[in-house]
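Here is the structure we will look at.
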Amino acid sequence: MFEARMFKRTCRRTGRICRIATLALMTVAVALAQGYRTVLLEGRTLTPEAVQQFETALKTNPQDSNARTRLLGYYSARAGQDPAARLGRLKQVEWLIENQPDSFLLRDPAVRLQRTDFAPPYASHRDTMRNDWKKQVELHPGDPILIENAWASLAGTEFSALGGAAVTAADYTGGKTSVEYLKRLRVLEPGDPEWALDLAGVYAATIASGNSEVANERMRVANAMKLELEKSQDAAVIGLTGALLYWGTHNQQAVARTATWSETLLRRASQLNPQNRSWVEALGAPVPSAAEMGSRLTWLLKPTDMWPGGSVLEMPIPQDAVRTAFVDLMAKQPAPKGSPGPAMSIQIDPIPPTAIGAGCTVRFDALIGRDGRVVDLRIVGFNRVNIPFVAAERDSIRQLQLSPTLVNGRAVEVATSIDQSCPAAPQVRNGIVGGVVGGVPRGVPGGLAPAPPGGMVGPPPPPPPAAGPKMQRVGGAVQAAKLIKRVSAVYPAAAKSAGVRGSVVLNATIAKDGTVESLKVISGPPLLVQSALDAVKQWVYAPTEINGERVQVQTQITLSFTLE
């Protein structure tokens, strides 16, 4: 995660390699909480007297996020010229790392760290922060939000588009740099294209600079990265690195060796994932212009590149969870006072219209906990992936707070899928950004359009009544606990005399009144199937209710036949 201004400045002084590597490294976290951004900007205008008041407030209540955010805005605006402000900023960031390492505030450009933050006399703070992040990740090794914060916080201190890695070979090979957090994210969230693109950007920028006349230390880091790529089985990272180097070094004799090696990477990515021909097709295609580069680079990528073996793995769903369409989940959310829509805690920064291209889509699988918060989130599909859009949607969903889903008065976990598409039209200038995921039907993408000539028009027609909940899938153990009438299956005489035993597995649809509506045989010995069907048809369950409304249920029933 690097600041766009730094890229623009460095790339004016460099050539094509830098411009291309920049595209991979500019995957900034655009899904910052909008409230943080507003308060940070307000903090820039604080008076010295107000700063002292907020510092005093933090001593009394360190959890006062409003005071801390304002101070960060104030110190960040002055850190470049005032060493005291730079120290004040570092202290605020250190507190966040130690006490709120999963805060989205740590991703804001005003809070992310850069090498200049640790210029004398504050060089020791760099090791302090690196060690603090290392401890946090060791305590929470499976928390992608915290680990992304660690990468976002430290990346600017160790990597750049101009020179790649600014670390020692010993630190890199010893796993002591922030790129280890990026590698961990690639494992924790294999379907997320942002981590593959960020990692490829680090590799490409470092390898390209390591083949130039630079310090030997950088060459050693570049060679270590090359060795990692040679051993890797990650088609996405290998292919993206190859494309970045190939398009950046093509037809430049000074870097012909890198160009040849980049062709090898592209061919190897195609071998690892034969389903994606884009990697080898890139070799024969014209080198894209700078304006085309972003879309060309990410459109090479396919979902099958992201997963080991090319197969997208399904998210594990607890047995007691119910599966519900996302639109049904949202229809059941209570509306806040004065609002016609459902209550959702989603706040994201607006994405510039130039960052979005029509035609991109992304699918998330989400598991909603009993408290209504997202406990697991995976990207399982995309088309013409757009990194800023995907990152914004991902972090928006992570912040969801839904009302708990109740089944017969008991909160349950809910599995759902969420499909999002890039807006087909540019955002309206001077509009009001934000809102619920997906927007409002008939609304203007990105905001509210200016009033038409002659004044405001009348209100839109009321939306159609929300459809009732669809059929729910309920685990067999949960549904069995609600059985109020059970008819035992008769052991067929023919099966008994033949010594046939085993289990019959049925897929059952339970009507809203609890009776068995239909049955489908999944497996079982043929001599036992009809007896199982005859018995289960007579079973009756207590009706299942979702948020007070009766629903149909799909469940699995297993009947075991054993000989005495």
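Brief remarks follow.
- Any hit, region 169-188, residues being in contact with a His (Cβ under 6 Å, 6 or more places away or on another chain), under 29 Å from residue 108 (Cα atoms) and not basic (Lys, Arg): no
- Residue within region 95-104 that is assigned to a helix (DSSP H, G or I), surrounded by 17 or more Cβ atoms within 10 Å (Cβ to Cβ) and modelled with pLDDT of 95 or more present: yes
- Residues satisfying the stated conditions in region 127-169, i.e. touching a Pro at 6+ places or on another chain (Cβ under 8 Å), within 20 Å of residue 197 (Cβ to Cβ) and among the polar types (S, T, N, Q): 149
- Unmet requirement for residue 156, which otherwise passes all of (1) modelled with pLDDT of 90 or more; (2) in contact with a Lys or Arg (Cβ under 7 Å, 6 or more places away or on another chain): (1)
- Scanning region 294-317 for residues that are assigned to a helix (DSSP H, G or I) and modelled with pLDDT of 90 or more yields 303, 304, 305, 306.
- Scanning region 37-92 for residues that are more than 10 Å from residue 110 (Cβ to Cβ), among the charged types (D, E, K, R) and in contact (Cβ under 8 Å) with a residue 24 or more places away in the chain returns 42, 68, 70, 86.
- Screening region 61-83 for residues that are part of a helix (DSSP H, G or I) and over 16 Å from residue 50 (Cβ atoms) and picking the one that is modelled with the lowest pLDDT gives 65.
- Residues being surrounded by fewer than 15 Cβ atoms within 10 Å (Cβ to Cβ) and part of a loop (DSSP other than H, G, I, E, B) - total across region 108-121: 3
- Residue match in region 157-176 (condition: under 17 Å from residue 76 (Cβ atoms) and either assigned by TED's automatic domain parsing to the domain that holds residue 65 or crowded, with 19+ Cβ neighbours inside 10 Å (or both)): yes
- Identity of the residue in region 253-273, modelled with pLDDT under 80 and either loosely packed, with under 14 Cβ neighbours inside 10 Å or not hydrophobic (A, V, I, L, M, F, W, C) (or both), that ends up farthest from residue 222 (Cα to Cα): 253
- Which numbered condition residue 337 misses (of (1) modelled with pLDDT of 75 or more; (2) surrounded by fewer than 20 Cβ atoms within 10 Å (Cβ to Cβ); (3) more than 14 Å from residue 240 (Cβ to Cβ)): (1)
- Within region 487-528, the set of residues being in a loop (DSSP other than H, G, I, E, B) and of a type in the set (Gly, Ala, Ser) comprises 488, 489, 498, 499, 511, 514, 524.
- Looking across region 281-293, the residues that are surrounded by fewer than 16 Cβ atoms within 10 Å (Cβ to Cβ) and either under 27 Å from the mean Cα position of the chain (by Cα) or assigned to a helix (DSSP H, G or I) (or both) come down to 281, 283, 284, 290, 291, 292.
- Index of the failed condition, residue 368 passing every other in (1) at pLDDT 80 or above; (2) more than 20 Å from residue 195 (Cα to Cα); (3) surrounded by fewer than 21 Cβ atoms within 10 Å (Cβ to Cβ): (3)
- Just one of (1) exposed (fewer than 15 other Cβ atoms within 10 Å of the Cβ); (2) in contact with a Lys or Arg (Cβ under 8 Å, 6 or more places away or on another chain); (3) part of a helix (DSSP H, G or I) fails for residue 141. It is (3).
- First in region 307-327 and within 30 Å of residue 269 (Cα to Cα), second anywhere and at pLDDT below 85 and assigned to a loop (DSSP other than H, G, I, E, B), Cβ under 8 Å, 6 or more apart: 307/313
- Candidates 92, 81, 100, filtered to the one that is more than 28 Å from the chain's Cα centre (by Cα) and polar (S, T, N, Q): 81
- Looking at 358, 391, just one residue is in a loop (DSSP other than H, G, I, E, B), of a type outside the set (Phe, Trp, Tyr) and modelled with pLDDT under 90, and that residue is 358.
- When residue 35 is tested against (1) at pLDDT 90 or above; (2) surrounded by 14 or more Cβ atoms within 10 Å (Cβ to Cβ); (3) of a type outside the set (Val, Ile, Thr), exactly one condition is not met: (1).
- Selection count where residues are modelled with pLDDT of 90 or more and surrounded by 23 or more Cβ atoms within 10 Å (Cβ to Cβ), scope region 207-221: 1
- Scanning region 535-556 for residues that are at pLDDT 90 or above and out of contact with any Lys or Arg (no Cβ under 8 Å at 6 or more places or on another chain), we see that the one that is surrounded by the fewest Cβ atoms within 10 Å (Cβ to Cβ) is 537.
The values are calculated or read from the model by the stated rules, or taken from the named source; none is laboratory data. Since this is a predicted model, take the numbers as computed values, not measurements. FYI the Cβ positions are ideal-geometry reconstructions off the backbone, even for glycines, and counts take in every protein chain you see.
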